[in-house]
Amino acid sequence: MPHSPPLQQRLPPPAPANPHQPTPNLPSADQHQAIPRNPESTAPSGAELSPSQLHVSVTETRTPHASAASTFSTLTPSVRVAAALPDHESTPKQPRTSEELFFESPSPEKHVPDFTTRDDSSILSGDDSNGWAKEEANMEAFIASENAQEEMELVPEDPAAAIPEWEMMDCEEGDGEVAAPPQPIVKIVTVKYSRNCRVWTRGALFEIYQRYQIGTSLKKNAGKRLIFDAIRDSSFATMIDDDTFTYEIEEIPEHLQKGPKWKILDGVEIDLPEDFDPSGVTAGFFAPTNKDNYVGHPKKEYLVDRPLQRPEFCPKPKKANSNSNRPGRPSRTDTADQPANETGGQSDYVKSKLPKDFSCHRPKHYFDLQIMPEFIRSNITYTTNFRAAAEGAAGSTYQDFVPFDVDEVYKFVGLLFCNGVSPKPQFVYWFLGLRQSKVFGNDWFSTFFDKRLPGGRVIKGERRWKHFRRFMCLYGYRLNPREQQKKDPLWKLAPILEHLRKNAQRCWSTGKFVAIDEQTIGFKGKHSLSLRITYKREGDGYQCDAVCDDGYTFSFYFRHGDAPAAPDSVKHLNLSPTGRRVIWLMLQLPNLWTRVYMDNLFNSRKLYTAAWICKTLCQGVCRTWGRGVPDKIVQKTEHDVAKAGALRGRTMVAVLEGDDTCPDLLCCSVYDTKPVHMMSTIAEKVEWVEMTWDVYSQELKCVVPMKYLRLNLIDDYNHRMNSVDLADQLRNCYRFNHWFRNRKWWWAIFLWAVGVAATNAYKMYCAVYDEERAKHVVGLPRKWTHLEFLLELIDDFFGCPQTSIDGSVVTTSSSGRTRQGSTYSAAASANQNDTFYDLSTEDGRLDYFNLVKPTSMTKKGLNVTHLLRGLMFHPELPNPSPEAYCQYCRYKFNNVWNDDQKRKNKKLFQNRASIVPHCNYQLNAR
């Protein structure tokens, strides 16, 4: 029998041994203390106890192991002294000596078997004598009770405070073991330099340069080669050759990573109808993009039974009332009572500014809501005259210069639209007559832009156009160009761009689905801001990111200069300049949870997270590198034609789980003619929709409809991504800069702004017309096409329409056909007179004064839109007789003014000199 270890100077608690009580949790090894037996008699101090006086047994110490439910134990061998105490004894506060403990122990006759006798079954040594099993059970019960008491004293008030945080995160219910923290694995990354590499771009290399603190000498705009060489030559990387290096990074395996994770979904294979041919071979024709008639991969659908939940489209809360400081008018910040319009259209502001009678609407009414006449007057006419005066015009340079007026500026803007509708190889051809050029000459245009001055002096239209091109100014000419260039590279155009952006947003209410893409502005000259653009038909020039709704440019932000600052809620994402511009455009939208469609230039998981924080949903095609697409659904391009045909229609879908900042982000890949990867927070499910396509059958010799399947994500993207492309198409179809070589860089952007204003005006007209048609208005004429709208707008800019005497408005085309120019002209065409007077030409004006008396002007004729506008602008009329006077003022004198007004203004008609200051009517002094 082994020797007994020294007894500990500690007395166990007096808990009785209860065999019916369940065994409590055991403490750790360092909490266990040796428990001595107490003999009845007293022994001398320091005396060593004999085996007959003290029972020593080999037991196991308990070491704790954390668990979510209880504390389990593992056993390690050690020597422990065990004894039993009576129920009436209590734990002493002071430690006892071994002798005291020995003599205070109970009598051997009560708890310890009698070792003096043995039966035949006992062991000769006495270790396994009769009654030992019962005694062992009593000792184990006492030890368990003591350990439970010690554990209760040592456990802190908050049990979780003593457990490391990483142990609690890894602990799962029902598992008694704590998972160790995940160990990262070393991954070797190879970087190879290539000028046109799409993976290792300049931004990706600079991110490595910054993240691993390779150096501080290079700035963000440093060249790609400089950044590559700096990383390659540093101790961080291992150089392979001049264009290749490797570096090591530590990554945690995806299945051990904490936080949001991608969940790969299992699809359900769909059953095709019996009459549906997936290969497309039906009566001799094939499905779109499936010319080889491959059956393809089995079609699968996802989330059909459990679609994802998306936020509802709704308007933004109203802003505080501007009259909140006034008594009796509290401010309101509640949401709008009516739901947002999902289709989009003109805003209430447009309805309040347009004439109530739709028959009086003219294209210039819509154009003036985009670029207002006040802006034309103050920021184009006045600034141009001020700049000409500051540079010595009409003095040392351009001695024939005279200041411009608003009407003359509108004429030149209308001439730009003429060059868009009917472009000429050189702009000066617009000022040639038939004598100078029988092909490009036009007698009406050759004299219409001439500036007639008092005294009979005339400045030719071509010379006047050169004055306008030379001195035109949209900004304050006193500003310091160098200082303004540092603040804003587009400072010369900042007034008109801000004016157009503000009015475009104010005149339109976007619908549920919009698109964000770039708009390109061609420029043939040389400028530091001009971009090299090889993937656009427009060529080199300038670009801006724009958000459009069905062809209407709602807002835009140019890529030249600093990007807008990111909102505080998304600053932690560290968005790129492109991402900040996109988020800025999203914040301009008037509604919450608008569905925005973008192409692969913008889409990424980081941008979608920022968009969700800004309460906007997105969808579009996505690149597979560096954009957050999970690797498990990425499909590679198959170059074998037969194998690629067998893969057609294969879909793979993943959903991001555990991310509150971008919940249920959906990624999908489908193999069509090549792999297509899409990312969406809009789609609720992934399914195949049945489409029809009108194709020509070689066997049937006719066009017949054909059925085929298309993924719903692709179908939505195809139909709702083209808003920006539609705006570009409408603007570029009749663009002004045909054969233009703009030596001034800002002329290109100015022409783009005017074109955007005209396109927006046409879309506003279409929205108003559709609304009138929905009301079933009687006599509503045919809707103007885009070309007809621009032709009418040119007439409004020139301010000299061709009119009939009864007020009907017509224009005569070069082919001799008569075209109605009024909105309701088709309904009034039956009342037209056969005699027309062209007030835009000298002969027409002479015939009008010779055959028509001023008193024959009627109120009905005056209220016609064209004639009323023409007379209100007081066009230049010849002086056929001394009694000539302004027709508009004459009519007001005879029909509108009262006696007091007539008496006051009677002198206006006594001589023609008095008319000039009153009505701005300029008579020719012939």
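Observations on the structure shown:
- Candidates in the stretch 363-410 are the residues that are buried (at least 21 other Cβ atoms within 10 Å of the Cβ) and in a loop (DSSP other than H, G, I, E, B); of these, the one that is nearest to the chain's Cα centre (by Cα) is ILE371.
- Residue satisfying condition, being within 21 Å of the chain's Cα centre (by Cα), without any contact (Cβ under 8 Å) to a residue 24 or more places away in the chain and surrounded by fewer than 16 Cβ atoms within 10 Å (Cβ to Cβ), within set ASP660, ASP631, ASP640: ASP660
- The stretch 411-449, subset within 48 Å of the chain's Cα centre (by Cα) and of a type in the set (D, E, K, R), residue modelled with the highest pLDDT: LYS411
- Entry remark, the stretch 774-784: residues being open to solvent by 60 Å² or more (accessible area, probe 1.4 Å) and either of a type in the set (S, T, N, Q) or more than 30 Å from CYS418 (Cα to Cα) (or both) number 4 in total.
- The number of residues in the stretch 728-752 being in a helix (DSSP H, G or I) and farther than 21 Å from HIS560 by Cα comes to 5.
- Residue count, the stretch 261-275 (criterion: open to solvent by less than 50 Å² (accessible area, probe 1.4 Å) and either at pLDDT below 70 or not aromatic (Phe, Trp, Tyr) (or both)): 3
- Residue within the stretch 624-631 that is at pLDDT 95 or above and either outside any loop (DSSP other than H, G, I, E, B) or over 23 Å from GLN257 (Cβ atoms) (or both) present: no
- Residue count, the stretch 188-215 (criterion: of a type in the set (Val, Ile, Thr), more than 22 Å from ASP562 (Cα to Cα) and in a loop (DSSP other than H, G, I, E, B)): 2
- Qualifying residue in the stretch 669-676 (condition: of a type outside the set (Phe, Trp, Tyr), closer than 23 Å to HIS572 by Cα and crowded, with 21+ Cβ neighbours inside 10 Å): no
- Criterion: more than 15 Å from GLN619 (Cα to Cα) and either within 20 Å of the chain's Cα centre (by Cα) or of a type outside the set (Ser, Thr, Tyr) (or both) - qualifying residue of LEU709, LEU665: LEU709
- Flag if PHE750 is more than 28 Å from the chain's Cα centre (by Cα), within 19 Å of PRO423 (Cα to Cα) and either open to solvent by less than 30 Å² (accessible area, probe 1.4 Å) or not aliphatic (A, V, I, L, M) (or both): no
- Qualifying residues in the stretch 200-249 (those that are in contact (Cβ under 8 Å) with a residue 60 or more places away in the chain and not β-branched (Val, Ile, Thr)) - the one most open to solvent (accessible area, probe 1.4 Å): GLU248
- Consider the stretch 527-564 and keep the residues that are among the acidic types (Asp, Glu) and crowded, with 16+ Cβ neighbours inside 10 Å. The one that is farthest from HIS719 (Cα to Cα) is ASP540.
- If the condition is being part of a strand (DSSP E or B) and either charged (D, E, K, R) or open to solvent by less than 90 Å² (accessible area, probe 1.4 Å) (or both), then the stretch 681-707 contributes VAL686, TRP688, VAL689, GLU690, MET691, ASP694, VAL695, SER697, CYS702, VAL704, MET706, LYS707.
- Flag if MET586 is out of contact with any Ser or Thr (no Cβ under 6 Å at 6 or more places or on another chain), at pLDDT 95 or above and hydrophobic (A, V, I, L, M, F, W, C): no
- So GLY441, is it small (Gly, Ala, Ser), open to solvent by 40 Å² or more (accessible area, probe 1.4 Å) and either outside any helix (DSSP H, G or I) or within 30 Å of CYS314 (Cα to Cα) (or both): no
- For the stretch 501-539, a residue qualifies if it is closer than 24 Å to LEU601 by Cβ and assigned to a helix (DSSP H, G or I), and the qualifying residues are ARG501, ALA504, GLN505.
- Whichever residue in the stretch 450-472 is modelled with pLDDT of 90 or more and out of contact with any strand residue (DSSP E or B) (no Cβ under 9 Å at 6 or more places or on another chain) and, among such residues, is farthest from ILE376 (Cα to Cα): GLU462
- For the residues PHE789, PHE798, the requirement of being open to solvent by less than 10 Å² (accessible area, probe 1.4 Å), of a type outside the set (Gly, Ala, Ser) and more than 24 Å from PHE313 (Cα to Cα) singles out PHE789.
- Residue check for GLU342: open to solvent by 60 Å² or more (accessible area, probe 1.4 Å), farther than 25 Å from ASN737 by Cα, part of a helix (DSSP H, G or I) and not aromatic (Phe, Trp, Tyr): no
- Look at (1) farther than 24 Å from LEU308 by Cα; (2) in contact with a Cys (Cβ under 9 Å, 6 or more places away or on another chain); (3) not in a helix (DSSP H, G or I) and you find that MET652 fails only one, number (1).
The values are calculated or read from the model by the stated rules, or taken from the named source; none is laboratory data. Just so it is clear, the model here is predicted, and its values are computed rather than measured. As a convention, Cβ positions derive from the backbone with ideal geometry for all residues, glycine included, and neighbour counts pool all protein chains shown. What goes into the accessible areas is simple: the full protein's heavy atoms, side chains included, and nothing from ligands, DNA or RNA. Shrake-Rupley method; radii C 1.70, N 1.55, O 1.52, S 1.80 Å.
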